[in-house]
1. Take the residues in region 1-25 that are modelled with pLDDT of 50 or more and not in a strand (DSSP E or B); name whichever of them is surrounded by the fewest Cβ atoms within 10 Å (Cβ to Cβ).
2. What do you reckon, is residue 227 open to solvent by less than 10 Å² (accessible area, probe 1.4 Å) and closer than 15 Å to residue 308 by Cα?
3. If you check 86, 81, 55, which single one turns out to be in a loop (DSSP other than H, G, I, E, B) and touching a residue at least 40 places away in the same chain (Cβ under 8 Å)?
4. Could you please let me know if residue 211 is open to solvent by less than 10 Å² (accessible area, probe 1.4 Å) and either touching a Phe, Trp or Tyr at 6+ places or on another chain (Cβ under 9 Å) or not in a helix (DSSP H, G or I) (or both)?
5. How many residues, within region 216-253, are in contact (Cβ under 8 Å) with a residue 60 or more places away in the chain, at negative phi and of a type outside the set (S, T, N, Q)?
6. Among the residues of region 133-188, write down those that are in contact with a His (Cβ under 6 Å, 6 or more places away or on another chain), assigned to a loop (DSSP other than H, G, I, E, B) and surrounded by fewer than 21 Cβ atoms within 10 Å (Cβ to Cβ).
Amino acid sequence: MNDPILAPRLAPDFVERLAHGIHVVDTGFHRPLFDAAYLIVEHGRAAFVDAGTNHSVPRLLAALAAAELDVDAVDFVIPTHVHLDHAGGVGLLMQQLPAARLIVHPRGARHLAGPGHLIRSATSVYGAEEIERSYGTLVPVDKERMVTTRDGMTIELAGRPLRFLHTPGHAMHHHCIWDEASRGFFTGDTFGLSYRDFDTASGPWIMPTTTPVQFQPEALRRSIERMVAFDPDWIYVTHYGRVGDVPRLAALLLGQLEEMVAFARTTSRAPDRHSVLMHGLEAIHLRSLRAHGVTLSDARIRELLGLDLKLNAQGITIWLDRLAA
């Protein structure tokens, strides 16, 4: 806490307090209400789920201070997977938390111990300038501070069980966390994206994310269905916040996933497949949003979904190429 860059000097207007000791922290990445990390507090002990980027660390520490906890109260830092908007700040955050252990999927551990491959992979998607601007220099985590998860494994936060499910489909290094206390899942990107801009009288809206490079539609469907079988009251998504009405959202999510995959299969011979995919995905989501009652202009919707459409098209292209290989 001696580093003035990391001191929690920000006002906690980016922290939303929920029931069951759960705090939603807007990490400040990209735009407001786009990227969340979660602080779970139980009997004076704490865990972070996801960590945003290096630039998010002051906000996470400020959220901890707002909960009247010191840095040595944090027992766990839990990235849902190692994509940089979820885990880019993990190493820097761990430097500030002397008692914390990193709870990570076994396929992701090596990338956080030595982030060189992760940086190269992200650079191939975003470009070097964007990586430096948005994420900064990744800090490795000592392997001795890591615990890798097994499917079905449970850890306890001050007696509060947190159960891990391995949930491939978005990424092979993805796990989701079942919190019995709130009857909710922390789902990273496996349960899709739900931006508050698209909330209507019908509730939240949701869409799949097929970000490169490990999209697997059948595995994603199974992972979603597996979580729905728990009959959760809440889903805590990274993009963005807590949502309920889970059966409706799951049906919406899986319906769009099926439509996206069916459309993607028709584009294999398209001369400009990326552009065709982007326009087709946009049309699918626009129809769904209009059916949901969203009245924003098409231009505003394109602005809000622009990054996702680009990344989803890239991820689907890689998946199609694997099928064709």
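The values are calculated or read from the model by the stated rules, or taken from the named source; none is laboratory data. Please read all numbers here as calculations on a predicted model, not as lab measurements. Here the Cβ positions follow ideal geometry from the backbone for every residue, glycine too, while neighbour counts run over all protein chains shown. Please note that ligands, DNA and RNA were not included when accessible areas were found on the heavy atoms of the full protein model with its side chains. Shrake-Rupley method; radii C 1.70, N 1.55, O 1.52, S 1.80 Å.
1. As a first pass, look at region 1-25 and keep what is modelled with pLDDT of 50 or more: 12-25.
Keeping just the survivors that are not in a strand (DSSP E or B) gives 12-14, 18-21.
Working: 12: 16, 13: 7, 14: 19, 18: 16, 19: 10, 20: 15, 21: 21.
Filtering region 1-25 for residues that are modelled with pLDDT of 50 or more and not in a strand (DSSP E or B), the one surrounded by the fewest Cβ atoms within 10 Å (Cβ to Cβ) comes out as 13.
2. On the way: open to solvent by less than 10 Å² (accessible area, probe 1.4 Å): yes; closer than 15 Å to residue 308 by Cα: no.
Spelling it out, it is not the case that residue 227 is open to solvent by less than 10 Å² (accessible area, probe 1.4 Å) and closer than 15 Å to residue 308 by Cα.
3. Details: 86 fails: in a loop (DSSP other than H, G, I, E, B); 55 fails: in a loop (DSSP other than H, G, I, E, B).
Result of the check over 86, 81, 55: 81.
4. Working: open to solvent by less than 10 Å² (accessible area, probe 1.4 Å): no; either touching a Phe, Trp or Tyr at 6+ places or on another chain (Cβ under 9 Å) or not in a helix (DSSP H, G or I) (or both): yes.
Judged against the criteria, residue 211 is not a match.
5. Of the residues in region 216-253, the ones in contact (Cβ under 8 Å) with a residue 60 or more places away in the chain are 216-217, 226-227, 236-242, 253.
Within this subset, residues satisfying the condition of being at negative phi are 216-217, 226-227, 236-240, 242, 253.
So of that shortlist, the ones also of a type outside the set (S, T, N, Q) come out as 217, 226-227, 236-237, 239-240, 242, 253.
Final tally of qualifying residues: 9.
6. 151, 158, 181, 182 - these are the residues of region 133-188 that are in contact with a His (Cβ under 6 Å, 6 or more places away or on another chain), assigned to a loop (DSSP other than H, G, I, E, B) and surrounded by fewer than 21 Cβ atoms within 10 Å (Cβ to Cβ).
Yes/no per residue for (1) among the charged types (D, E, K, R); (2) over 21 Å from the mean Cα position of the chain (by Cα); (3) within 25 Å of residue 187 (Cα to Cα):
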position	(1), (2), (3)
219	no, no, yes
228	no, no, yes
236	no, no, yes
247	no, no, yes
266	no, yes, no
272	yes, yes, no
286	no, yes, yes
298	yes, yes, no
311	no, no, yes
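Let's see how each residue does on (1) on the phi < 0 side of the Ramachandran plot; (2) among the acidic types (Asp, Glu):
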position	(1), (2)
175	yes, no
180	yes, yes
184	yes, no
203	no, no
214	yes, no
